[in-house]
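Colleague: Next up is a structure, given as structure tokens.
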Amino acid sequence: MLVFAAAVIVMGPALGMAYSELLPYATPGLSRSAQASLLTGWLGDRWSRRHMMVIFFVGIGASMIAVGLVRTPLQLGAALLSIGLFASIYHPVGTAMIVSYADSSGARWG
């Protein structure tokens with residue numbers, strides 16, 4: 001999600017817009033990513049972490065393809081919103097999956 005701020009430098013001329021005009025289209029995706037993580041974490045615990053990760057990979061892949069095919073700023077905003085919603089799955093579900101398979105969750109130093 002944060003790479004959009006750098007990618008907009010190249011996307012601006014392609015869409016005929018300035019950098020400052022394109023940045024607001026990233027806001028819904030960023031805010032929905034944070035908000036939806038509560039729901040996706042809950043779904044991962046109640047339903048299936050593996051299935052949620054499959055949804056993440058398929059959804060994020062399709063969303064990235066959609067960003068590559070946009071022609072208007074509105075389409076860009078919708079594609080970035082989609083990325084934000086699918087990205088909300090990764091941290092609460094993926095991290096919990098990784099930690100659940102660890103033998104110890106930390107290391108002693110010293």
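Colleague: May I ask you to say which residue of S100, S82 is open to solvent by 30 Å² or more (accessible area, probe 1.4 Å), of a type in the set (S, T, N, Q) and either closer than 27 Å to M17 by Cβ or touching a strand residue (DSSP E or B) at 6+ places or on another chain (Cβ under 7 Å) (or both)?
Modeller: Only one candidate passes the filter, namely S82.
Colleague: Which residues, taken from the stretch 43-69, are surrounded by 13 or more Cβ atoms within 10 Å (Cβ to Cβ) and at pLDDT below 90?
Modeller: The answer is V67, and nothing else.
Colleague: Also: Could you list, in sequence order, all residues of the stretch 1-30 that are surrounded by fewer than 16 Cβ atoms within 10 Å (Cβ to Cβ) and within 20 Å of T95 (Cα to Cα)?
Modeller: Correct list: M1, L2.
Colleague: For the stretch 1-51, what are the residues that are aromatic (F, W, Y) and under 12 Å from the mean Cα position of the chain (by Cα)? Write out each step before concluding.
Modeller: Restricting attention to the stretch 1-51, the residues satisfying the condition of being aromatic (F, W, Y) are 4, 19, 25, 42, 47.
The answer is F4, and nothing else.
Colleague: Something else about it: Checking M17 against (1) touching a helix residue (DSSP H, G or I) at 6+ places or on another chain (Cβ under 8 Å); (2) free of Cβ contacts under 8 Å to residues at least 40 places away in the same chain: exactly one of these is not met. Which one?
Modeller: Only one criterion in (1) touching a helix residue (DSSP H, G or I) at 6+ places or on another chain (Cβ under 8 Å); (2) free of Cβ contacts under 8 Å to residues at least 40 places away in the same chain is unmet by M17, namely (2).
Colleague: Taking the stretch 1-21, which residues are in contact with a Gly (Cβ under 9 Å, 6 or more places away or on another chain) and not in a helix (DSSP H, G or I)?
Modeller: Of everything in the stretch 1-21, those that are in contact with a Gly (Cβ under 9 Å, 6 or more places away or on another chain) and not in a helix (DSSP H, G or I) turn out to be M1, A18.
Colleague: Where the second residue is open to solvent by 70 Å² or more (accessible area, probe 1.4 Å) and modelled with pLDDT of 80 or more and the first is at negative phi and assigned to a helix (DSSP H, G or I) and lies in the stretch 22-44, which pairs have Cβ atoms under 6 Å and are six or more apart or on separate chains?
Modeller: Cβ pairs passing all conditions: R32/L85; A36/L85.
The values are calculated or read from the model by the stated rules, or taken from the named source; none is laboratory data. All of these numbers come straight from a predicted model, not from anything done at the bench. Every residue, glycine among them, receives a Cβ derived from its backbone with ideal geometry; neighbour counts consider all protein chains shown. Side chains included, ligands, DNA and RNA excluded: accessible areas come from the protein's heavy atoms. Shrake-Rupley method; radii C 1.70, N 1.55, O 1.52, S 1.80 Å.
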